[in-house]
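I have placed the structure first, in the form of structure tokens, so that the comments after it can refer back to it.
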Amino acid sequence: MSKKHSDMKIRYIQYFSVLSLFFVFGCSNTKYLPEGDLLYTGGSVTVEDSIIKKKDKKALEKELEDLLRPKPNKQIFGLRPKLWIYNIAGEPKKDKGIRHWLRTKVGEEPVLFSKVDLDYNASVLRNFTENRGYFKTRVSADSTAKNKRATAEYTVQPRRQYKIKSVKFPADSSELSKEIAKTSRRSRLRPGRPYDLDVIKQERERIDARLKEKGYYYFNPDYILAQVDSSKGDYEVNIKIKIKEETPEKAKVAYKIDKIVVYPNFSISKDSVRYKKEDIVQYKDFTIIDTANTFNPRVFDRTIYFKKGDLYN
């Protein structure tokens, strides 16, 4: 037999093997489904819009598809080997042994179409696009069933994306408002940029982190309110950053360092022991309790970089 015919024979065997695998995996994966149910093989999202650029549309479709639940069984080269292993292992009679291990550790139970909530997924897609500034988005859902398999198809029709027209930070005379206003220079909320709820959340986190550096120890992002006004039309929003009225008074105060006590020889076992008067040394801003007289007090003045009266951060 010539080398050419030998290569062709090997190629035919390979093709046949692959086709056989597709057939075996495919048939066995639907053979064990519950009566009347279908194997869910995934969902797709189509964004219908003539304004969004093709590249941005594809990126949005990918983001939306990642939100769909449940996820279908994992595939490798179009096959679902984990699902096949789950099926051929069968129901184990014991909570141990090879069959139990194959079914629970290696295999993957079928994702059934009966577990797919089309309306819920449509709601998730609508909320996501509206949080990105595509207000009043329309989402429809449908499904296709064939050979005991089913897919879900979602069509998203976003309106024109809203942009930020203006951003206002607190302008009253309180110290907290002044500190928040100072952070505006590094704000990601800028006129002309798309409205994005995630960016607003990140902005609250950013302001809170900055306030922590200024001593506002009890402040947290939940005390910041971003009021969004889209009533002016022209697909634009005005954003106003405010401090919530229910913010506790202690969160509005910048805390400073008061008493500084240094324990060079600290021990948990001696934590509650009352120290002798001669063990306590006052040096500048530091109260030093050094029972072994290990260090010269001047060492702490050179190595500790915060002082009494500094903002706590």
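Where both partners of a DSSP beta bridge lie in the chain, what percent of those bridges are antiparallel, to the nearest 5?
60 percent
So for segment 91-208, considering every pair of alpha-carbon atoms, how many percent are separated by more than 19 Å?
68 percent
Stretch LEU112-GLU153 to full length: gain in nm at 0.36 nm per residue minus the Cα-Cα span?
13.2 nm
What is the distance, in nm, between label points placed 7 Å from the Cα along the Cα-to-Cβ direction at VAL253 and at ASP37?
Label at VAL253, label at ASP37, 5.9 nm between them.
Excluding LYS96 itself, what net charge comes from residues whose Cβ is under 13 Å from its Cβ, given Lys and Arg +1 and Asp and Glu -1? Can you show the working numbers first?
Values: positive: LYS93, LYS94, ARG99, ARG103, LYS105; negative: ASP95.
Local charge sum for LYS96: +4.
Considering only protein heavy atoms and a 1.4 Å probe, what is the carbon-and-sulfur percentage of the accessible area of the chain? All intermediate terms of the calculation are to be shown ahead of the outcome.
Numbers: 11050 of 21380 Å².
Accessible surface attributable to carbon and sulfur in the chain totals 52 percent.
What number comes out for accessible area per residue over the chain if the probe is 1.4 Å? Units Å², please.
68 Å²
Keeping every protein chain in place, order ARG138, ARG159, ARG206 by accessible area at 1.4 Å, biggest value first, i.e. largest first.
Reading off the accessible areas and sorting them downward yields ARG138, ARG159, ARG206.
Among 224-232, 43-51, what's the highest-first ranking by average C-beta atoms within 10 angstrom per residue?
43-51, 224-232
What translational diffusion coefficient, in µm²/s and rounded to a whole number, does the Stokes-Einstein relation yield for the chain at 37 °C and a viscosity of 0.692 mPa s, taking the hydrodynamic radius as the Kirkwood radius over Cα pairs?
123 µm²/s
What base-10 log of the normalised intensity I(q)/I(0) is obtained for segment 29-157 from the Debye formula, alpha carbons as equal point scatterers, at q = 0.11, 0.21, 0.22 Å⁻¹?
-0.49, -1.14, -1.20
For TYR283, which sequence-distant residues (separation of 5 or more, or a different chain) have an amide H within less than 5 Å of its own amide H, given hydrogens modelled in the peptide plane?
Here the answer is ILE288, since their amide H atoms fall under 5 Å of that of TYR283.
Hey, what angle do you get for helix 54-65 against the long axis of the chain, alpha-carbon based, 0 to 90 degrees rounded to 10?
The helix 54-65 is inclined about 90 degrees to the chain.
Straight distance only, please: which aspartates and glutamates reach the Cα of LYS242 with their own Cα at less than 20 Å, same-chain residues fewer than 8 apart left out?
Within the straight-line limit of under 20 Å, LYS242 reaches these aspartates and glutamates: ASP172, GLU175, GLU179, ASP196, ASP198, GLU203, GLU205, ASP208, GLU213, ASP222, ASP229.
Give the cross-link partners of LYS55 among the lysines, using a straight C-alpha distance below 21 Å as the criterion and excluding same-chain residues fewer than 8 apart.
Within the straight-line limit of under 21 Å, LYS55 reaches these lysines: LYS163.
Would you calculate the separation in nanometres between label points at ARG186 and LYS168, each defined as 7 Å from the Cα along the Cα-to-beta-carbon direction?
The answer from the label model is 2.6 nm.
How tilted is helix 197-213 with respect to the longest principal axis of the chain? Cα atoms for both, answer in degrees (0 to 90, nearest 10).
30 degrees
List the lysines whose Cα sits under 20 Å from the Cα of LYS146, skipping any in the same chain fewer than 8 residues away.
LYS31, LYS71, LYS74, LYS115
Where does the chain land at 222 nm, in deg cm²/dmol rounded to the nearest 500, when only DSSP H runs of n ≥ 4 count, each adding -39500 (n - 2.57), divided by all residues?
Mean residue ellipticity, 222 nm, calculated: -10000 deg cm²/dmol.
Quick check: the angle from helix 118-131's long axis to the longest principal axis of the chain, C-alpha only, nearest 10 degrees?
Its long axis makes an angle of about 40 degrees.
The values are calculated or read from the model by the stated rules, or taken from the named source; none is laboratory data. Everything numeric here is computed off the predicted structure, so don't read it as measured data. Quick reminder, even Gly has a Cβ in these numbers, built from the backbone with ideal geometry, and neighbours come from all protein chains shown. When the accessible area is computed, the model is the full protein with side chains, heavy atoms only, and any ligands, DNA or RNA have been set aside. Shrake-Rupley method; radii C 1.70, N 1.55, O 1.52, S 1.80 Å.
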